[in-house]
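Chemist: Let me give you the structure first, and then I'll get to my questions.
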Amino acid sequence: MGVLSKIATSGRHGENSAYFDGWKAYDTDPFHPKHNPRGVIQMGLAENQLCFDMIEEWVVNNPRASICSEEGVDEFKNIALYQDYHGLLQFRKAVARFMERVRGDRVRFDPDRIVMSGGATGAHEILAFCLLDPGEAFLVPTPYYPGYDRDLRWRTGVELYPVPCDSSNDFKLTSSALESAYAKAMDESIRVKGLLINNPSNPLGTVLDRDTLKDIVRFANDKKIHLVCDEIYAATVFSAPEFVSVAEVMEEVECDPDLVHIAYSLSKDLGLPGFRVGVVYSYSAAVVSCARRMSSFALVSTQTQHLVASVLSDEAFVGRFLRESSERLGTRHRDFTRGLARFEIGTLHGNAGLFVWMDLRRLLREATFEAESELWRVIIDEVKLNVSPGGSFHCSEPGWFRVCFANMDEETMAVALARIWKFVGQRQGGEEAEAAKTKTKKKKCRRSLEINLSFRGLDDYLTSSPHHSPMSSPMVHATT
Ligand SMILES: Cc1ncc(COP(=O)(O)O)c(C=O)c1O
């Protein structure tokens with residue numbers, strides 16, 4: 001008899017993937033500007049650290065929000081004792097209000113429909129449990145976030161069925177792609193009970209336009225299947241077009257609200273993944289009540305609820321934060337994609353998220369996923385960058401990589417770009433590399449990119465650059 005149960009050893013945890021292997025490579029040899037300048041740079045973690053200073057400043061200026069401060073300790077006992085599993089009312093109100101603001105105040109959310117979960121990870125599992133039986137499937141457009149394979153499938157027995165999207169139309173989801181995936185699943189006797197979409201998309205960094213979203217709602221409604229919308233990146237949009245939530249579109253097309261559910265968390269929009277604040281928001285009363293029961297396995301601690309409620313209730317702060325965050329993300333995205341473009345590396349045009357979808361198809365030995373894996377191994381082992389290969393996102397086309405850019409400072413990003421430049425230069429042959437070098441020297445660029453990144457200078461820079469601050473190491477210890 002084995003130690004573990006069948007479900008524990010089923011392999012449905014989805015963690016046997018390059019996406020998670022890359023993190024292991026980073027964990028064993030993490031980059032540090034001073035202590036390990038040749039280590040692996042973590043570009044596989046979608047973490048939003050760009051406005052962390054604002055949250056820290058708010059916490060320092062508002063000691064009453066913490067029950068572990070002299071100013072806030074009066075609340076300690078109240079918060080530390082058992083609380084209602086529905087969550088503190090003040091917390092649910094503040095989260096509902098935040099969700100409204102992130103959606104431009106164009107929709108309202110009812111605090112009584114907010115169900116807490118351990119991050120969006122927990123929200124997905126709760127929804128899968130509440131909506132589908134083992135063996136039933138969600139359609140999911142590809143490429144999609146690799147964590148779904150674990151979060152929705154492992155303990156629930158639910159299946160994910162891909163809706164392939166590709167670069168021929170910039171990976172846009174179309175009604176015909178949905179229809180043919182649905183028909184194919186039916187042919188294979190798979191019971192499709194839901195459609196899971198992620199808007200804005202991880203890994204694409206794009207938003208769904210209003211018409212596409214309407215088509216999606218109509219599709220789910222026609223087929224009488226559930227529509228789960230993961231809107232975890234709603235506030236990471238940094239340029240037009242704006243984010244449109246399913247909550248808005250529901251009011252514009254005919255649909256059965258009982259079929260629509262939103263998964264959300266503060267991990268990306270507020271940059272607080274460690275707090276594990278997730279939300280199931282369902283328009284079905286039955287789902288809300290069932291989800292609430294399920295959520296007792298992974299509630300958000302009342303201490304966290306208390307602090308988060310205080311932060312989010314400061315409306316002026318929230319307004320400043322949302323503006324600043326989107327501006328900083330936009331600047332970082334622009335610098336990074338321009339840096340890549342200077343080495344003629346293309347990216348899918350995106351306007352949201354904490355990553356770019358990088359096109360390395362021309363560097364593949366051949367157009368296969370084996371060749372993509374080979375290239376990825378070289379990028380991890382020799383270039384020492386943990387980027388995530390498209391195959392791990394179930395991309396239907398080899399050669400795409402997701403590269404995260406918001407979990408590090410500018411100097412680390414410059415080092416990463418230098419490494420990419422060196423690598424691409426070597427791959428393309430000495431001549432082209434020299435041309436790229438000369439071209440780059442001529443161009444003016446921002447301070448972070450002004451650092452001398454010539455091939456010979458790179459090593460010196462990595463070991464001795466005065467530009468590095470002790471703060472410049474990416475904080476990348478998360479393991480999910
Ligand atoms: C699309 C998507 N959904 C869900 C999650 C899980 O988020 P959380 O940390 O809130 O559990 C992630 C995390 O990267 C994600 O990218």
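Chemist: Quick one: what are the phi-derived ³J(HN,Hα) couplings along region 372-383, Karplus 6.51/-1.76/1.60 with θ = phi - 60°, whole Hz, x for glycine and proline?
Modeler: 4, 4, 4, 4, 4, 4, 5, 5, 6, 6, 10, 7
Chemist: Taking 2.2 N^0.38 Å as the expected size of a compact globular protein, what ratio does the Cα radius of gyration of region 229-304 give against it, to two decimals? It would help to have the intermediate numbers written out before the result.
Modeler: Working: Rg = 14.3 Å, N = 76, 2.2 N^0.38 = 11.4 Å.
Region 229-304 yields a ratio of 1.25.
Chemist: Determine, for 410, 56, the number of other Cβ atoms within 10 Å of each Cβ, and report the residues in order from fewest to most. Can you show the working numbers first?
Modeler: Details: 410 18, 56 10.
Ranking 410, 56 by Cβ neighbours within 10 Å, fewest first, gives 56, 410.
Chemist: Convert each backbone phi in region 98-104 into a coupling constant with the Karplus relation 6.51 cos²θ - 1.76 cosθ + 1.60 (shift: θ = phi - 60°), then list the ³J(HN,Hα) values in order as whole Hz, x for Gly and Pro.
Modeler: Calculated HN-Hα couplings, in order: 4, 4, 5, 5, 4, 9, x Hz.
Chemist: With r defined as the distance between the Cβ atoms of residue 77 and residue 179 and R0 fixed at 45 Å, what FRET efficiency is calculated, to the nearest 0.05?
Modeler: Details: r = 57 Å, r/R0 = 1.28.
With a Förster radius of 45 Å, E is 0.20.
Chemist: Measure out, as a whole number of angstrom, how far apart the alpha-carbon centroids of region 151-193 and region 237-268 sit.
Modeler: Region 151-193 and region 237-268 have Cα centres spaced 20 Å from each other.
Chemist: Next question. Could you work out the relative contact order of the chain, using alpha carbon pairs under 8 angstrom and six or more residues apart, expressed as a whole percent?
Modeler: On the way: 860 pairs, mean separation 106.4, N = 480.
It rounds to 22 percent for the chain.
Chemist: For 374, 136, 231, what's the fewest-to-most ordering of other Cβ within 10 Å of each Cβ?
Modeler: On the way: 374 14, 136 19, 231 26.
Starting with the residue having the fewest Cβ neighbours, the order is 374, 136, 231.
Chemist: How compact is region 188-342 by the rule of thumb for globular proteins, expressed as Cα Rg over 2.2 N^0.38 Å?
Modeler: Details: Rg = 17.6 Å, N = 155, 2.2 N^0.38 = 15.0 Å.
This ratio for region 188-342 stands at 1.18.
Chemist: Additional query: Amide H of residue 137 versus every other amide H placed in the peptide plane: which residues, excluding those fewer than 5 positions away on the same chain, fall under 5 Å?
Modeler: Hits under the 5 Å cutoff: 159, 191, 192, 193, 194.
Chemist: By per-residue mean of other Cβ atoms within 10 Å, what is the highest-first order of 260-273, 85-98?
Modeler: Working: 260-273: 24.3, 85-98: 19.9.
The densest-packed peptide leads the list: 260-273, 85-98.
Chemist: I would also like to ask the following. Under a 5 Å amide H to amide H cut-off, with H placed in plane at 1.01 Å, what residues pair with residue 346 once short-range neighbours are removed?
Modeler: Answer set, sorted by chain and number: 359.
Chemist: Another question, then. Taking one equal scatterer on every alpha-carbon of the chain, how large is log10 of I(q)/I(0) by Debye at q = 0.10 1/Å?
Modeler: -0.78
Chemist: I would also like to ask the following. Taking other Cβ within 10 Å of each residue's Cβ, how do 197, 79, 7 sort, fewest first? Each step should come with its number before you reach the end.
Modeler: Numbers: 197 24, 79 17, 7 12.
The most exposed by this proxy come first: 7, 79, 197.
Chemist: Additional query: How large is ³J(HN,Hα), in whole Hz, for each residue of region 411-419 in order, when computed from phi with the Karplus curve 6.51 cos²θ - 1.76 cosθ + 1.60 and θ = phi - 60°, using x for Gly and Pro?
Modeler: Ordered by residue, 3J(HN,Hα) equals 5, 5, 4, 5, 5, 4, 4, 4, 5 Hz.
Chemist: Give me the Kirkwood hydrodynamic radius of region 66-314, using the inverse of the mean 1/r over all pairs of distinct Cα atoms, in Å to one decimal. Mind showing how you got there, number by number?
Modeler: On the way: mean 1/r = 0.0540 Å⁻¹.
Kirkwood hydrodynamic radius for region 66-314: 18.5 Å.
Chemist: While we're on this one: Mind checking the dipole of the chain: about its Cα centre, +1 per Lys or Arg Cβ, -1 per Asp or Glu Cβ, Debye to the nearest 20?
Modeler: Details: 56 positive and 65 negative charges, 168 e Å.
Roughly 800 debye for the chain.
Read-outs: derived from the displayed coordinates by stated rules, not from any lab. Note that the coordinates shown come from a computational prediction; the quantities given were computed from them, not determined experimentally. Note that each Cβ is placed from the backbone with ideal geometry, even for glycine, and that neighbours are counted across all protein chains shown.
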